[in-house]
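Worksheet: one structure, shown below.
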Amino acid sequence: MDILNKIVTKNDVEALDKYRNDRDLHKKYEHQQGTWDNVDAFVKWSSSVILFDSIKDSLYPQPGIKVVDLGSGDGPVPHMVADKGFDVVAVDIQKWSFLYQSLAHIVTKDCRDYLRDCENNSVDIFMDGCAVTHFDDSGDEVTPNKGWRSVFRSMYRVLKPGGYFICTSDIDIRTTTCIGEYIIPEDIIRMAEEEGLTLTSDFNYSRDEIWERGRNLPGKPDGPPNLGVACFIFTKPGYKALIDILNIKDSDVAGQGLYAKVDIPKDTILGVSHVIMDDEIHRTPLGGFINHSDKPNCMKYLEGNKYYIKTTKKIRSGNELFLKYSFYEVK
Ligand SMILES: C[S@@+](CC[C@H](N)C(=O)[O-])C[C@H]1O[C@@H](n2cnc3c(N)ncnc32)[C@H](O)[C@@H]1O
């Protein structure tokens with residue numbers, strides 16, 4: 001399931017049902033208001049964790065990665081991420097009580113003040129589960145939501161180069177600018193880009209088959225619902241996990257894989273996949289995400305202490321890249 005950079009569809013919600021039905025998960029991260037049964041909360045929580053899992057391995061080194069959840073509320077996401085071994089700070093303007101305990105560090109503060117006090121280049125990953133849009137919902141045509149603008153501005157300063165912002169937010173599904181709390185995804189992306197962040201891959205703007213989650217158009221209580229949820233991953237450029245012609249997506253073969261964003265000619269060098277240091281082999285994102293095949297379209301070769309990957313065939317846009325693994329046996 002690929003929920004990255006698009007508005008959540010009905011199919012996504014069906015696929016997320018495994019989280020909705022996972023009673024052990026709900027029991028572990030028990031929620032005061034029983035919100036695991038609330039379709040809107042579970043879609044955002046499970047999408048956040050899926051998106052987090054999709055990028056966490058591309059950051060190196062893993063120990064000490066600092067994650068900040070903006071407007072964490074009493075939701076389970078910061079605790080689920082802390083339980084994966086990450087250093088998590090959960091910031092919210094309100095003081096919440098929690099039914100579960102994790103190593104997440106809870107800070108009761110306005111996120112805009114928290115961000116103002118953060119050092120430059122100090123955070124690896126920011127997360128937002130439909131909170132930023134509530135920080136300051138005043139706005140105008142240029143800045144339809146002042147909360148988003150101020151967060152993007154601070155985030156650009158505070159994120160480490162190559163760091164990420166994972167966001168699952170309520171959005172207005174209309175296509176023309178809406179001022180206020182529920183802005184349209186186009187305006188979120190525009191403001192992020194104006195403040196220097198980039199999307200990790202193209203956003204699919206399609207409103208087809210999207211999952212609409214209640215709330216009616218102002219003044220039309222019986223009209224169609226106009227709220228959706230959009231999932232984004234933004235990054236602060238400066239360091240690139242992958243060259244621009246590749247992206248990481250859910251693979252039909254195993255977990256996530258590497259895909260060509262454009263037609264890639266035969267014999268194109270894609271970068272370093274593994275580095276040998278102190279007799280140990282370390283993988284880069286390229287080496288970490290490429291899947292195995294007995295009929296690969298790429299090969300790796302050694303130069304000095306680095307393995308490089310190059311294409312052995314022309315790879316068409318949208319196709320997955322494969323390598324024949326040699327460091328261990330694939331079962
Ligand atoms: C819709 S809830 C989302 C909570 C949580 N992220 C989740 O997914 O369950 C929005 C949260 O944003 C918090 N919030 C609103 N304005 C804030 C601000 N300026 N700074 C920090 N938190 C804020 C609220 O207290 C609330 O907990």
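Backbone phi angles across the range 149-157, fed through the Karplus curve with coefficients 6.51, -1.76 and 1.60 (θ = phi - 60°), yield HN-Hα couplings of 4, 5, 5, 4, 4, 5, 4, 4, 6 Hz in residue order; Gly and Pro are listed as x.
Take the Cβ-Cβ distance between ASP140 and PHE327 as r, set R0 to 56 Å, and report the resulting FRET efficiency rounded to the nearest 0.05.
For R0 = 56 Å, the calculated efficiency reads 0.50.
Only beta bridges with both residues in the range 246-323 are counted; by DSSP, about 90 percent of them are antiparallel. A simple charge model with +1 on the Cβ of Lys and Arg, -1 on the Cβ of Asp and Glu and nothing else charged puts the dipole of the chain at about 800 debye relative to its Cα centre. List, in the order given, every pair from LYS56/LYS160; LYS44/LYS84; LYS66/LYS109; LYS66/LYS160; LYS160/LYS300 whose Cα-Cα distance in the structure shown is over 21 Å. The answer is LYS160/LYS300. Evaluating kT/(6 pi eta Rh) at 4 °C and 1.567 mPa s, with the Kirkwood radius of the range 68-163 over Cα pairs in the Stokes-Einstein relation, gives 94 µm² s⁻¹. Highest GNM mean-square fluctuation among GLY129, GLY34, GLY255, for the chain modelled with Cα contacts below 10 Å: GLY34. Annotation for SER97 and GLU119: the two label points, set 7 Å from Cα along the Cα-Cβ direction, are 3.7 nm apart. Relative to the longest principal axis of the Cα atoms of the chain, helix 39-56 runs at roughly 30 degrees. Normalised radius of gyration (Cα atoms, divided by 2.2 N^0.38 Å) for the range 246-323: 1.06. Rg/Rh for the range 1-121 stands at 0.96; both radii use Cα atoms, and Rh follows the Kirkwood definition.
With the convex hull of its Cα atoms as the shape, the range 6-235 has an orientation-averaged projected area of 12.2 nm². Rounded to the nearest whole Hz, the Karplus-based 3J(HN,Hα) values (6.51 cos²θ - 1.76 cosθ + 1.60, θ = phi - 60°) of the range 320-326 follow the sequence 7, 8, 9, 10, 7, 5, 10, with x at glycine and proline. DSSP finds beta bridges in the range 6-235, and of those with both partners inside it, around 45 percent are antiparallel.
Readers should treat all values here as calculations from the given coordinates under stated rules, not as data from a laboratory. Here the structure is a predicted model, which means the values were calculated and not measured. Glycine gets a Cβ as well: all are built from the backbone with ideal geometry, and neighbour counts include every protein chain shown.
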